[in-house]
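The values are calculated or read from the model by the stated rules, or taken from the named source; none is laboratory data. Keep in mind that this is a model prediction, so the values were computed, not measured. Note that we place each Cβ from the backbone using ideal geometry, even for glycine, and neighbour counts take in every protein chain shown. Areas reflect the complete protein model, heavy atoms only, side chains present, ligands, DNA and RNA absent. Shrake-Rupley method; radii C 1.70, N 1.55, O 1.52, S 1.80 Å.
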Amino acid sequence: MNMMSLKGFARAMRRRLRDEPHLRLAAARADAFLVSYPKSGRTWLRYLLSCYFAESAGLGFEPDLTSTFSILPNFDRDPVRGIDAFVGRDKADLPLILVSHLPYRDRLFLDRPALFLVRDPRDVIVSAFFHATRHKKSFAGDMAAFLDEPKYGLAALTRYLNGWAEGLAGRPHHLISYEHMLAEPGITVAGILCFLGVQPQPDILVRAIAAAQFDRMQNGTAAFRVMTMTAMTIRACGCAAAGRVASLTG
């Protein structure tokens, strides 16, 4: 490990020691966690659930890609997107659902219920590859090298899923398939609500799905336009790469 890596590791450890007590307090108050590996489709699910809860809890605003974090905040201390952004502290009908990509740690997630979102690993890897190479510019190799990269590739995905498989075994949990959510969003969200102990309201659910689909497919915001174009690019350019990983993932 070089000096820069050591400094980065030290910063991460200091941040972890600083933040963990606050996160554990928040975890104890949470009604549930929404957990997924990156690039598994949580942005759309978060937005869809935000649309539902904004109306059902009478929040008085329509969520966008910023205010959605005030309804389903990240499990971190970011003032805009994290726990402190949550607007439902005085609203009994708005559950606190903390959203996270973090690997499983029992000290952090305690015994709280978990919604676990999964996606076809071939699509996850292809999406992660394009995100790392075209957006974050954090990886410069080809797909074959990406698959073998410990930080991003199949080993990282497998390690994450195996860790959470162990964590889910000891707590109430509900598995969500991204592919099923795309095909049957009403059934998927109704199942999530029932798991949370919330009686689904069909009219609100229909409107939430329509709002999420409209913004997602009709480019209701600039951010969604970028997301839509990114998804189209991945589908257009990633087919061959997806085929190459198919034999390794299923």
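Details
- Against the numbered list (1) closer than 25 Å to I97 by Cα; (2) at pLDDT below 95, F129 comes up short only at (1).
- Residue count, segment 138-155 (criterion: part of a loop (DSSP other than H, G, I, E, B), under 24 Å from the mean Cα position of the chain (by Cα) and loosely packed, with under 13 Cβ neighbours inside 10 Å): 3
- Total residues in segment 132-164, condition of a type in the set (D, E, K, R) and either closer than 29 Å to F195 by Cα or at pLDDT 95 or above (or both): 1
- Criterion: over 26 Å from L161 (Cβ atoms), at pLDDT 95 or above and either touching a strand residue (DSSP E or B) at 6+ places or on another chain (Cβ under 6 Å) or open to solvent by 30 Å² or more (accessible area, probe 1.4 Å) (or both) - qualifying residue of L34, L6, L25, L65: L25
- Some residue of segment 93-106 being under 30 Å from V124 (Cβ atoms), within 17 Å of the chain's Cα centre (by Cα) and open to solvent by 80 Å² or more (accessible area, probe 1.4 Å): no
- Residue among R77, R122 that alone is over 28 Å from Q199 (Cβ atoms), part of a helix (DSSP H, G or I), open to solvent by 10 Å² or more (accessible area, probe 1.4 Å) and of a type outside the set (A, V, I, L, M): R122
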